[in-house]
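A short reminder: the numbers here are calculations on the coordinates, not readings from a lab. On a predicted model such as this, the values are computed, not experimentally measured, just so you know. Neighbour counts run over all protein chains shown; Cβ positions are idealised from the backbone, glycine included.
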Amino acid sequence: MASPAVVSAPRSAASSSKTETFVDNKRKDDIRMANIAAAQAVANAVRTSLGPKGMDKMISTANGEVIITNDGATILNKMEVLQPAAKFLVELSKSQDVVAGDGTTTVVVIAGALLKQCLSLLSAGIHPTVVSDSLHKASIKAVEVLTAMALPVELTDRDSLVKSASTALNSKVVSQYSTLLAPLAVDSVLSVVDPEKPDIVDLRDIKIVKKLGGTVDDTELVKGLVFDKKVSHASGGLTRVEKAKIGVIQFQISPPKTDIEQSIVVSDYTQMDRILKEERNYILGMIKKIKATGCNVLLIQKSILRDAVTELSLHYLSKAKIMVIKDVERDEIEFITKTLNCLPIANIDHFRAEKLGHADLVEEISLGDGGKIVKITGIQDMGRTTSVLVRGSNQLVLDEAERSLHDALCVVRCLVNKRFLIAGGGAPEIELSRQLGAWAKVLQGMEGYCVRSFAEALEVIPYTLAENAGLNPIAIVTELRNRHAQGEINTGINVRKGQITNILEENVVQPLLVSTSAITLATECVRMILKIDDIVTVR
């Protein structure tokens, strides 16, 4: 019987018969193949939702709620992925969501295509490390090519900002409202840009308030604050206050309790009256202090220990002509105080006039369908924040509108961070593919081979765009290559007309950051999957 070494490793046996070793590469290859197959399956799941003509996914969660979405990050987030390598792709789309906000589907599709090419390279016997290193080089080169293609943009040029925001909205469920949502996203981001730190936009300064009812057309930008709450109407409270002085309080206007569990035994009526009288005096004392500062609108934080306000205190507050908005969430306090330019008040003894915010008008607005919201407008020296009130006819549309608006805001934020625009519609990918293919011919050895397959992988984006739009992908991609070879860099697929046109003239543009981060993140992810040769499960 032949020794196992000779059977399993004929190559090493042939090279030197003295050192016969048993090398088991089968398992490593199997694990690599399994990882790549799992990751490709995830990529193929979101591939159909790429582009303006992409399909939407309906996700039914375990607790029975239904989500309809087109956002790659949302789809993958909700998918219960068990295979460890496939989880990489979910994380990949999350990180793209953090970095750029848009292009979450693109990044997964590119990663899937790269893995497919890696599979053929590995089966040709190229070592994974070589593939991984060439991928890294190619991605650096790709970013250079993209940067060379980009057009600089100024923040004052509102039109091109709106164009890129509407491109981001085109592939969403709410694309028919992009004429309304895109300018809204641009205005809200520009209004929170701090002139001292012009490159940084904190999207937490833009508060999105969702309110069911109406249609997406009723979505509006509010310079000020919006609460999805009613004013407390106990005993005829006010619903409209002009020249408001607003106090944000974090204490309770209700009779105090001891810290320990207590029970009071009352033996006769006079004592009972005394307790009630004390309560009344205590509350009245508080309200007099509040009234003395001239405060006429109170925002009261939700309380865990006891009721923040009682019937009695509401009655006295409405007598004192003070409007009350109760149950303000704890995490909204920071945003509210930043907007109103006031300080939160934690104790009644600290209630002073200089801690109040000033606004021209606080009023409760009743929406047509019975819902009510509270709006605070005309705030004096308002902080750099903005509120957006999103409306929608049902919860699914409402949630999707919020996600799409978030994507559009992220796109504008990318442009503030890195002020370059690039064409959309598959144009940059084909151009990259062409230039990397040309560069691969210069390289020597295995690298050139790997870079060439990397270049081929990038064609998946225009291919998928054409496929989702119901065009003939092979004819379209071939024609695109032809045009780009003639030097028309900005030629891409015009999905609406179903032909190939100059994409910049069609106003399909995206921020440079979206494309560059998609390529760098996808290659990083693929390199990580390639480097893994074994999975060890620890119980």
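The modelled label-to-label distance between I68 and R158, using points 7 Å beyond Cα along the C-beta direction, is 3.3 nm.
Between K229 and T48, the contour length at 0.36 nm per residue exceeds the alpha carbon distance by 61.2 nm. Here the calculated FRET efficiency for E242 and K87, from their Cβ-Cβ distance with R0 = 56 Å, stands at 0.50, rounded to the nearest 0.05. The D360 and L151 beta-carbon pair, evaluated with R₀ = 45 Å, returns a calculated FRET efficiency of approximately 0.60. Length gained on full extension, R496 to D307: 62.3 nm, using 0.36 nm per residue less the C-alpha separation. If you model the stretch 362-518 as an ellipsoid using its alpha carbon gyration tensor, with each semi-axis the square root of five times an eigenvalue, the axes come out at 44, 19, 14 Å, biggest first. Straight-line cross-link reach from K321 at under 16 Å between alpha-carbon atoms covers these aspartates and glutamates, not counting any fewer than eight positions away in the same chain: E242, E311, E363, E364. Counted residue by residue at 0.36 nm each, then reduced by the alpha carbon distance between them, the extension gain from I140 to L190 reaches 14.8 nm.
Across the alpha-carbon atoms of the stretch 34-143, the computed radius of gyration and Dmax are 15.1, 48 angstrom.
So what's the gap between the Cα centers of the stretch 379-394 and the stretch 175-241, to the nearest angstrom? Computed from Cα coordinates, the inter-centre distance equals 2 Å.
From helices alone, the chain scores -15500 deg cm²/dmol at 222 nm; the rule is -39500 (n - 2.57) for each run of n ≥ 4 DSSP H residues, then divide by the residue total. Taking the average, over residues, of other Cβ atoms within 10 Å as the packing measure, peptides 104-113, 180-189, 135-144 rank 104-113, 180-189, 135-144 from highest down. For the pair A37 and D217, label points projected 7 Å from Cα toward Cβ lie 5.2 nm apart.
Below 19 Å Cα-Cα, how many Lys pairs turn up in the stretch 81-220? Only count pairs eight or more apart in sequence, or on different chains, if you could. Kindly include the intermediate steps, with their values, before the conclusion.
Details: K87/K116; K94/K172; K116/K137; K163/K172; K172/K210.
For the stretch 81-220, qualifying lysine pairs total 5.
What is the dipole size for the chain, taken about its Cα centre, with +1 at each Lys and Arg Cβ and -1 at each Asp and Glu Cβ, in debye to the nearest 20?
Details: 63 positive and 64 negative charges, 72 e Å.
That gives a dipole near 340 debye.
Summing +1 for each Lys or Arg and -1 for each Asp or Glu among the other residues whose beta-carbon sits under 12 angstrom from that of A353 gives +4. Ordering of 509-520, 212-223, 483-494, 83-94 by packing is 509-520, 83-94, 483-494, 212-223, highest average first (other Cβ atoms within 10 Å, averaged per residue).
Judged by the mean number of other Cβ atoms found within 10 Å, the most tightly packed of the peptides 376-384, 32-40, 427-435 leads the ranking 427-435, 32-40, 376-384. Using a simple spin-label model with pseudo-atoms 7 Å out from Cα toward Cβ, K441 and H350 lie 7.2 nm apart. A Förster radius of 51 Å combined with the Cβ-Cβ distance from I59 to S263 puts the calculated FRET efficiency at roughly 0.50.
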